[in-house]
Amino acid sequence: MTEKSTYKGQTVPTRREFLTRLGMLTGLTLPGMLSWDLLHAAPVNALPDMADKLPNPDSKNVIILGAGLSGLVAAYELNKLGYKCTVIEARERVGGRVFTVRKGSFSEEITNGKLTAEFDEGQYFNAGPSRIPHFHEVTLHYCREFGVKLEVYNNINEAAYYFSEGNGKLSNRKIKKGTLHNDMRGYTAELLAKSLDSSALDLPVTKEDTEKLLEYVRAEGALDIDNIYKGSSRRGYIEYPAAGLYPGTVANPHPLNDIIQSGLIGPDFYGVAEYVYELQQTMLQMTGGNDALVLEFEKRLRSNILLNAEVTKIINGDEGVTILYRNKKGNQQIKGDFCINTIPLKVLSDIDHNYASNHTRAIDKTAYILCGKIGMQFNRRFWEEDEEIFGGITHTNNEIYQIFYPSNDYLSKKGMLIGYYNLNERARIVGELSYAEREKLAYEKGLLIHPQYASTYERKSFSVSWHKTKYSLGGWGIYSEKERHSFYTALLEPDKRTYFAGDHLTYLNGWMAGALQSGRTAVKAIHSRVTGKTFL
Ligand SMILES: Cc1cc2nc3c(=O)[nH]c(=O)nc-3n(C[C@H](O)[C@H](O)[C@H](O)COP(=O)(O)OP(=O)(O)OC[C@H]3O[C@@H](n4cnc5c(N)ncnc54)[C@H](O)[C@@H]3O)c2cc1C
């Protein structure tokens, strides 16, 4: 039976219940966190150098399907080793899911058709990847090699908001993340301090250690001398200190019950961006748009890449591969000794091929996440001018889920917001809408948070629903643990003369680093097979 106690007029869990819940929470997240350990940045070793070049470099040719990052890096490294390679790309551009949208950019969705961006010159947003973790060494390695300029991407901004729509006393209000984080830190520290204070609790620490722990908890939560949380300047001011007789006024904390009732410690909000290892500070982005890297690859591979060339059939043999593709001139055919296939599996599933049954099953059954973004142009950076928001994300519990503020060109006049970036069910619902309906939704929901939309939005938007986008049909591959052992492992093995690559063939799915590592892995595997040497 659980005893209940009251605190500040509210029924609250007992210390033990609280600590048990805390333990459960830690227990639940820890395996996840440990599994991320698998994702640690592998050091970027140089690929086998030119000393291992084939005696006759042109003797083997490799056909690469897809000019996304995995296909581009494979071609680039194969070229260095002296292979002859051809990259076949269905789109009119390289990059695949790396897509920076500027004036004139276009994409095509299977139900909505083609959309062209009409933003002003100089305005852009990243519809695909927007951020690079500081430990994704392979991505940084190629940026360094090509001189791609990077800038800090402000992923975590305490000045941005939580906005809970229609839910409890704090709903339909902009709650600054910094206030909520510090209030929750204070309340949990207060509970913990009270627990630590009690001799009834069995703790695996000495009395002296308990004192130190208590000191830490007090400091962590900004508790007063009686271990009570009453708010602190950490959460910000309602009047900021100024010269003369203006010491500033600290705002009162949000009542704990209101925070809980408004769902603000639920999964839509709390810790969404802060706790995931990949999303921790410092994050980076490429100056001028994240397509800078793929464009550098393209410069070095111009003669290798066939654009507007859609693969229609793959004949995989014991001695080589034959690829049928369609370009503006009609149906074409090309033969190679090897093939690296980087076509996203949802797309590949609809292409005629003769892969082995294990591979075919994995191609047909692997699930992809649903996701979508919209870029919106504003004639004034009201988020900077009126609300002191420089980068970061506002989280909501409604369809738009997130608003991203730009981490570039601060204090300039115009600017772009990512009006939504949603995933899973929200992305499915929004993806069903027409382009115009998506814009209306992003506008109306954004207006609830920022009334300035009404006077500053320039009615220029561009939305991408990745699971509806031709040649992508999904955000990134996702596997259950079971599927990691079946589909995933099947595709790690080559099928006759074909090697599979792409971020879906790493534990870094959904990251450019995954695509790069996978492309490099395929190159090493082919080079090992050709030379009979092992490359780690
Ligand atoms: C919304 C979103 C946000 C993301 N955010 C981040 C982020 O912040 N940071 C990060 O590092 N990564 C991020 N990623 C992941 C990153 O974009 C991918 O991991 C990476 O771009 C995948 O590269 P790829 O070469 O494996 O696949 P793709 O880029 O999909 O390349 C496959 C290529 O195959 C081509 N193709 C398809 N069909 C055919 C055909 N029939 N014939 C010929 N060619 C064909 C496609 O056009 C495409 O160019 C994000 C992705 C998305 C969708």
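Restricting the chymotrypsin sites (Phe, Trp or Tyr not before Pro) of the stretch 335-441 to loop positions (DSSP other than H, G, I, E, B) with no more than 15 neighbouring Cβ atoms within 10 Å leaves TYR410.
Phi angles across the stretch 494-501 convert, under the Karplus curve 6.51 cos²θ - 1.76 cosθ + 1.60 with θ = phi - 60°, into 3J(HN,Hα) values of x, 10, 6, 9, 10, 10, 9, 8 Hz, Gly and Pro given as x. One quarter of the convex hull surface built on the alpha carbon atoms of the stretch 210-317 amounts to 17.9 nm², the projected area averaged over directions. Just to check, using Stokes-Einstein with a Kirkwood Rh over alpha carbon pairs, what's the diffusion coefficient of the stretch 298-359 at 37 °C and 0.692 mPa s in µm²/s? My calculation gives 255 µm²/s for D.
When the C-alpha to C-alpha distance is required to be over 30 Å, the pairs from LYS177/LYS346; LYS149/LYS413; LYS413/LYS440 that qualify are LYS177/LYS346.
The Cα-based radius of gyration and maximum Cα-Cα distance (Dmax) for the stretch 93-233 are 24.5, 69 Å. With a Förster radius of 60 Å applied to the C-beta separation of SER349 and ILE225, the computed FRET efficiency comes to 0.40. Distance distribution note for the stretch 369-471: the fraction of Cα pairs above 20 angstrom is 33%. Each peptide among 225-236, 182-193, 64-75 gets the average number of other Cβ atoms lying within 10 Å of its residues, and from highest to lowest they stand as 64-75, 182-193, 225-236. Calculated on C-alpha atoms, the gyration radius of the stretch 178-267 divided by its Kirkwood radius gives an Rg/Rh of 1.08.
Full extension of the chain between SER412 and SER303 gives 35.4 nm of extra length, using 0.36 nm per residue less the Cα-Cα distance.
Sites listed here are trypsin sites (Lys or Arg not before Pro) in the stretch 299-398 whose DSSP assignment is loop and whose Cβ has at most 16 other Cβ atoms within 10 Å: LYS328, LYS329, ARG380. Across every direction, the projection of the convex hull enclosing the Cα atoms of the stretch 257-330 has a mean area of 11.5 nm². Normalised by 2.2 N^0.38 Å, where N is the number of residues, the C-alpha radius of gyration of the chain stands at 1.11.
Each residue, LYS440 and GLU121, gets one label point 7 Å from its Cα in the Cβ direction; the gap between the two is 3.5 nm. Normalised Debye scattering of the stretch 425-482 at q = 0.14, 0.21, 0.24 Å⁻¹ gives log10 I(q)/I(0) of -0.51, -0.87, -1.00, counting only Cα atoms as equal scatterers and leaving out solvent. To the nearest ten degrees, helix 207-221 and the longest principal axis of the Cα atoms of the chain are 80 degrees apart. Looking at the stretch 296-329, the GluC sites (Glu not before Pro) that sit in a DSSP loop and have at most 10 other Cβ atoms within 10 Å of their own Cβ are GLU319.
Would you mind classifying the stretch 74-171 by shape? Square roots of the alpha carbon gyration tensor eigenvalues, ordered a ≥ b ≥ c; an a/c under 1.5 is rounded, otherwise it is prolate if a/b is larger than b/c and oblate if not. The shape class here is oblate.
Values in this text are rule-based calculations from the coordinates and carry no lab data. Computed from a predicted structure; not experimentally measured. So basically every Cβ, Gly included, is an ideal-geometry build from the backbone, and we count neighbours across all protein chains shown.
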